[in-house]
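The structure appears below as structure tokens.
The values are calculated or read from the model by the stated rules, or taken from the named source; none is laboratory data. Everything quoted here is computed from the prediction, not taken from an experiment. We place every Cβ from the backbone using ideal geometry, glycine too, and count neighbours over all the protein chains shown. Side chains included, ligands, DNA and RNA excluded: accessible areas come from the protein's heavy atoms. Shrake-Rupley method; radii C 1.70, N 1.55, O 1.52, S 1.80 Å.
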Amino acid sequence: MTDITADPNRPETDPSVVPLVPAEVRPRILAIANQKGGVGKTTTAINLGTALAAIGETVLIIDLDPQGNASTGLGIDRRARETSTYDVLSGGAPMRDAVLATAVPRLFIAPSTMDLSGLELEIGQARDRAFRLRNAIGEINKNTQGAPFTYVLVDCPPSLNLLTVNAMAAAHAVLVPLQCEFFALEGLSQLLQTVDQVKAALNPQLTIHGIVLTMFDARNNLSSQVVADVRNFMGSKVYETVIPRNVRVSEAPSYGKPVLVYDLKCVGSEAYLRLATEIIQREKELKAS
Ligand code: ADP
Ligand code: MG
């Protein structure tokens, strides 16, 4: 199936071809955040991004973790990261210069490098330090030759540091992965407090988009208990879709592939496709309200 929206670098198209999306679209920007490590932020960024792209959205993943797991998991070689999110946030390189195509049509990534770990020290005193990402994303769909991005997913580091604050200051909403484990809710109130602080001081429109429960293990009673507790505590903010613990999901990054490419039929892929559909549905409801 040919798709004229697939390549953002495509030359001027035939004027008789009506673009599928208007040229000046503001992307929806979601920060994927939780200060705990290993809860599924990066896995969600990669696979939700792939699922959204598979159903026709044009998606940019911004890797804001110095570990660069989202970049590696999408098969981006370290040597290919010539312009990284560090260059964008520290030196004012345009975001477009950092954007690389992935093997998935309509899915792009702005990769990170370890340099990013020094950013806070470097720009911590700058007046615009919390707005570096917002300003960089603001330019992303200007003068675009290809299909504009409709979704931007920011993969945050496992900390409530300046990088995560930049992501929240740039985002419309925060998507919080919570692992189905005993301490799932621990730290959530601190995260919600940070969201409130960013909302009050930097970004009045910021909301919680939703909470996605990850690594659910049906054989483990504790997993079901955690789902019940989190739904009880956070109500409708919790997505219906729960991501199961699935070995295919954890294998895929070592092949530099999203799980939807590695094994489309596995339960992990199916869950991320359902999550993408649910998110788009929620977006429609938000727009209608
Ligand atoms: P974070 O970005 O929050 O630190 P990751 O997305 O890197 O977390 O996930 C932590 C680890 O758990 C990784 O090794 C990843 O492959 C694994 N993992 C994440 N989600 C699943 C899942 N649904 N099933 C199995 N393993 C998973
Ligand atoms: Mg991560």
Return a yes/no flag: does the stretch 219-238 have any residue that is among the basic types (Lys, Arg) and touching a residue at least 24 places away in the same chain (Cβ under 8 Å).
yes
Could you check the stretch 76-100 and list, in sequence order, the residues that are over 18 Å from THR164 (Cβ atoms), modelled with pLDDT of 95 or more and in contact with a Pro (Cβ under 8 Å, 6 or more places away or on another chain)?
ILE76, ALA98, VAL99, LEU100
Matching residues, the stretch 37-74, being more than 16 Å from ligand 2 (Cβ to nearest atom) and open to solvent by 50 Å² or more (accessible area, probe 1.4 Å)
ALA54, ILE55
I'm told SER269 meets every condition in (1) part of a helix (DSSP H, G or I); (2) open to solvent by 50 Å² or more (accessible area, probe 1.4 Å); (3) not basic (Lys, Arg) except one. Can you identify the failing condition by its number?
(2)
Looking at the stretch 141-167, I want the residues that are among the acidic types (Asp, Glu) and have a partner that is surrounded by fewer than 21 Cβ atoms within 10 Å (Cβ to Cβ) with Cβ atoms under 9 Å, at least 6 apart or on another chain. Which pairs are those?
ASP155/ASN69
When you scan the stretch 208-221, do you find a residue that is part of a helix (DSSP H, G or I) and open to solvent by 50 Å² or more (accessible area, probe 1.4 Å), even just one?
yes
Quick one: in the stretch 99-147, of everything that is farther than 19 Å from ARG28 by Cβ and among the basic types (Lys, Arg), which residue is most open to solvent (accessible area, probe 1.4 Å)?
ARG127
Which of the residues that make up the stretch 148-162 are open to solvent by 10 Å² or more (accessible area, probe 1.4 Å) and within 16 Å of ligand 1 (Cβ to nearest atom)?
PRO158, SER159, LEU160, ASN161
Every residue from the stretch 99-120 that is under 17 Å from GLN67 (Cα atoms) and free of Cβ contacts under 8 Å to residues at least 40 places away in the same chain:
GLY118
For ARG274, indicate whether it is buried (at least 17 other Cβ atoms within 10 Å of the Cβ) and among the basic types (Lys, Arg).
no
Single match in SER236, SER250, SER254 (criterion: within 22 Å of the chain's Cα centre (by Cα), surrounded by fewer than 16 Cβ atoms within 10 Å (Cβ to Cβ) and away from ligand 1 (no atom under 16 Å from the Cβ))
SER236
Among the candidates VAL104, VAL39, single out the residue that is assigned to a loop (DSSP other than H, G, I, E, B), within 11 Å of ligand 1 (Cβ to nearest atom) and among the hydrophobic types (A, V, I, L, M, F, W, C).
VAL39
